[in-house]
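Below is one structure; the comments refer to it alone.
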Amino acid sequence: MADWDTNIYYNPEKHGLTPMGEIDTGRGYDFTKLVVWRRDEDGVIFWSTDSGCSCPSPFEDANSVNDLKRIDDAATFSREARTWLREQYDVSADDRDAMERLIRKVQRAARKAAAA
């Protein structure tokens, strides 16, 4: 279990990360999150998902960027993220819109990183 001070979700800067966005389809006291982060030093993009009730903290088992999925191909990420969303319970139109915005943001960042 990750220490609260180094939790990758609550303290991404301690891992050299900046959050790019997240989708949370959880309602009430639970969470069902897909989160995307960008590594500050080189712009590499990572993502992961986590879910639980109000007892655990999101991503408490993510102790480093090695526990996240690296986005090497924005098209693959887009397919996997949309599949993840389709598999969730009680997805709203706002959730779908937020996912499409996040996918476009990842695509723009991936193009920018590839051009650098």
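Quick notes
- Odd one out for residue 47 among (1) open to solvent by 40 Å² or more (accessible area, probe 1.4 Å); (2) touching a Lys or Arg at 6+ places or on another chain (Cβ under 6 Å); (3) not aliphatic (A, V, I, L, M): (1)
- Which listed residue is within 13 Å of the chain's Cα centre (by Cα), at pLDDT below 95, in a loop (DSSP other than H, G, I, E, B) and not aromatic (Phe, Trp, Tyr), from 2, 62: 62
- Test result for residue 59, open to solvent by less than 50 Å² (accessible area, probe 1.4 Å) and on the phi > 0 side of the Ramachandran plot: yes
- Condition met for residue 28 (among the small types (Gly, Ala, Ser), out of contact with any strand residue (DSSP E or B) (no Cβ under 9 Å at 6 or more places or on another chain) and either without any contact (Cβ under 8 Å) to a residue 12 or more places away in the chain or in a helix (DSSP H, G or I) (or both)): yes
- Residue match in segment 20-33 (condition: modelled with pLDDT of 90 or more and aliphatic (A, V, I, L, M)): yes
- Selection from segment 69-98 of residues that are open to solvent by less than 30 Å² (accessible area, probe 1.4 Å) and over 19 Å from residue 31 (Cα atoms): 71, 74, 77, 78
- Among (1) charged (D, E, K, R); (2) within 15 Å of the chain's Cα centre (by Cα); (3) farther than 22 Å from residue 5 by Cα, the one test that residue 94 misses: (2)
- Residue 33 vs. criteria among the charged types (D, E, K, R) and within 21 Å of residue 91 (Cα to Cα): yes
- Qualifying residue in segment 52-59 (condition: modelled with pLDDT of 95 or more and not in a loop (DSSP other than H, G, I, E, B)): no
- The residues on offer are 111, 39, 101, and the sole one that is in contact (Cβ under 8 Å) with a residue 24 or more places away in the chain, open to solvent by 90 Å² or more (accessible area, probe 1.4 Å) and under 14 Å from the mean Cα position of the chain (by Cα) is 101.
The values are calculated or read from the model by the stated rules, or taken from the named source; none is laboratory data. Please read all numbers here as calculations on a predicted model, not as lab measurements. Cβ coordinates were reconstructed from backbone atoms using ideal geometry, including for glycine residues, and neighbour counts include every protein chain displayed. Side chains are part of the model used for accessible areas, which takes the heavy atoms of the whole protein and leaves out ligands, DNA and RNA. Shrake-Rupley method; radii C 1.70, N 1.55, O 1.52, S 1.80 Å.
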